[in-house]
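Asks: Below is one structure. I have some questions about it.
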Ligand SMILES: [Zn+2]
């Protein structure tokens, strides 16, 4: 277990990296769950980005990691992320170097994942020597 102050410094480095990359995190509730996104998602049976309505994943790609699709994690700043696990995504891409800091899933490295259209931080790509999957922040997605 790392001393807590070291964890905070490392977390800050991750945020600095995100800022340098100008990743947009639009948190306004007005942008979430727009009626248009809901309709698109339902009509096409797809999971879309809550901000730009880009097709992000198909419901059939939802998987269980450690017996659960849904996981809740908190970082040392107290930010809580509720993520869902996907075996594959469509318009979400890795946008940072591989990191082993704060391994939410033991044995997995991670990269920040962003929407290919609006660059919103949608979650993380987790990879190990034998497996890989995506963990996407549920409130940034609209499900059918
Ligand atoms: Zn988007």
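Asks: Among (1) surrounded by fewer than 22 Cβ atoms within 10 Å (Cβ to Cβ); (2) in contact (Cβ under 8 Å) with a residue 60 or more places away in the chain; (3) within 15 Å of the ligand (Cβ to nearest atom), where does residue 91 come up short?
Replies: Residue 91 satisfies every listed condition except (2).
Asks: Another one. Can you name the number of the only condition in (1) in contact with a helix residue (DSSP H, G or I) (Cβ under 8 Å, 6 or more places away or on another chain); (2) part of a loop (DSSP other than H, G, I, E, B); (3) at positive phi that residue 107 fails?
Replies: Unmet for residue 107, out of (1) in contact with a helix residue (DSSP H, G or I) (Cβ under 8 Å, 6 or more places away or on another chain); (2) part of a loop (DSSP other than H, G, I, E, B); (3) at positive phi: (1).
Asks: In contact with a helix residue (DSSP H, G or I) (Cβ under 6 Å, 6 or more places away or on another chain) and closer than 18 Å to residue 127 by Cβ: is that true of residue 87 in this structure?
Replies: yes
Asks: Also, quick follow-up: Only one of these conditions is not met by residue 91: (1) out of contact with any strand residue (DSSP E or B) (no Cβ under 6 Å at 6 or more places or on another chain); (2) modelled with pLDDT of 95 or more. Which number is it?
Replies: Answer for residue 91: the failing condition is (1).
Per-residue answers, yes or no, for (1) surrounded by fewer than 18 Cβ atoms within 10 Å (Cβ to Cβ); (2) over 19 Å from residue 58 (Cβ atoms); (3) within 16 Å of the ligand (Cβ to nearest atom):
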{"position": "95", "(1), (2), (3)": "no, yes, yes"}
{"position": "98", "(1), (2), (3)": "yes, yes, no"}
{"position": "113", "(1), (2), (3)": "no, no, yes"}
{"position": "117", "(1), (2), (3)": "yes, no, yes"}
{"position": "131", "(1), (2), (3)": "yes, yes, no"}
{"position": "142", "(1), (2), (3)": "no, no, yes"}
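Asks: Within the range 46-68, is there a residue that is touching a residue at least 12 places away in the same chain (Cβ under 8 Å), in contact with a helix residue (DSSP H, G or I) (Cβ under 7 Å, 6 or more places away or on another chain) and away from the ligand (no atom under 12 Å from the Cβ)?
Replies: Scanning the range 46-68 turns up no residue that is touching a residue at least 12 places away in the same chain (Cβ under 8 Å), in contact with a helix residue (DSSP H, G or I) (Cβ under 7 Å, 6 or more places away or on another chain) and away from the ligand (no atom under 12 Å from the Cβ).
The values are calculated or read from the model by the stated rules, or taken from the named source; none is laboratory data. The structure displayed is predicted, hence computed values, not measured ones. Heads up, the Cβs are rebuilt from the backbone with ideal geometry, glycines too, and the neighbour counts pull from every protein chain shown.
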